[in-house]
1. Consider Gly37 carefully, then state whether it is in a loop (DSSP other than H, G, I, E, B) and either surrounded by 15 or more Cβ atoms within 10 Å (Cβ to Cβ) or not acidic (Asp, Glu) (or both).
2. What are the residue pairs meeting all of these: first residue in the stretch 48-72, first residue among the hydroxyl-bearing types (Ser, Thr, Tyr), second residue in a helix (DSSP H, G or I) and surrounded by 11 or more Cβ atoms within 10 Å (Cβ to Cβ), Cβ atoms under 7 Å, and 6 or more apart or on different chains?
3. Check whether at least one residue in the stretch 10-23 is out of contact with any Lys or Arg (no Cβ under 6 Å at 6 or more places or on another chain), surrounded by 14 or more Cβ atoms within 10 Å (Cβ to Cβ), in contact (Cβ under 8 Å) with a residue 12 or more places away in the chain and in a strand (DSSP E or B), and report yes or no.
4. Is it fair to say Leu30 is surrounded by 14 or more Cβ atoms within 10 Å (Cβ to Cβ) and not in a loop (DSSP other than H, G, I, E, B)?
5. Suppose the filter is surrounded by fewer than 16 Cβ atoms within 10 Å (Cβ to Cβ) and aliphatic (A, V, I, L, M); does Leu61 pass it?
6. Given Leu44, Leu14, which one is out of contact with any Leu (no Cβ under 8 Å at 6 or more places or on another chain) and at pLDDT 90 or above?
7. Can you tell me which residue in the stretch 40-56 is surrounded by the fewest Cβ atoms within 10 Å (Cβ to Cβ), limited to those that are closer than 23 Å to Leu67 by Cα and of a type outside the set (D, E, K, R)?
Amino acid sequence: MKKLHIITTFPDVLGCTPVIAGTRVPVRTLLDYLEQGDPLEVFLEDFPTVSREQAVEVLELAKEMLLHEAVA
């Protein structure tokens with residue numbers, strides 16, 4: 001499984017909410033956009049501090065974690 005380096009938490013950044021590393025953008029925000037049916041491009045336009053590579057890495061990590069839990 002990948003390291004969690006793409007997701008960080010800090011007590012002084014959004015109350016320890018998991019954010020995309022190097023940004024103040026909560027991981028949940030990315031997932032909420034996709035859940036609402038918005039394409040990744042819309043999220044990236046609204047949050048220019050997040051690169052496409054970062055967003056994809058977060059999604060790949062989420063996929064790995066879900067698949068790992070499904071077989072555990």
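The values are calculated or read from the model by the stated rules, or taken from the named source; none is laboratory data. Keep in mind it's a predicted model, so treat the numbers as computed, not measured. Please note: Cβ atoms are built from the backbone with ideal geometry, for glycine as well, and neighbour counts cover all protein chains shown.
1. Details: in a loop (DSSP other than H, G, I, E, B): yes; either surrounded by 15 or more Cβ atoms within 10 Å (Cβ to Cβ) or not acidic (Asp, Glu) (or both): yes.
In short, yes.
2. Taking only residues 6 or more apart or on different chains, not a single pair turns up.
3. For the stretch 10-23, residues out of contact with any Lys or Arg (no Cβ under 6 Å at 6 or more places or on another chain), surrounded by 14 or more Cβ atoms within 10 Å (Cβ to Cβ), in contact (Cβ under 8 Å) with a residue 12 or more places away in the chain and in a strand (DSSP E or B): present.
4. yes
5. Values: surrounded by fewer than 16 Cβ atoms within 10 Å (Cβ to Cβ): no; aliphatic (A, V, I, L, M): yes.
No: the conditions fail for Leu61.
6. Values: Leu14 fails: at pLDDT 90 or above.
Answer to the check: Leu44.
7. Start the filter on the stretch 40-56 by keeping residues that are closer than 23 Å to Leu67 by Cα, which leaves 40, 52-56.
Keeping just the survivors that are of a type outside the set (D, E, K, R) gives 40, 54-56.
On the way: Leu40: 15, Gln54: 20, Ala55: 21, Val56: 12.
Among those that are closer than 23 Å to Leu67 by Cα and of a type outside the set (D, E, K, R), it is Val56.
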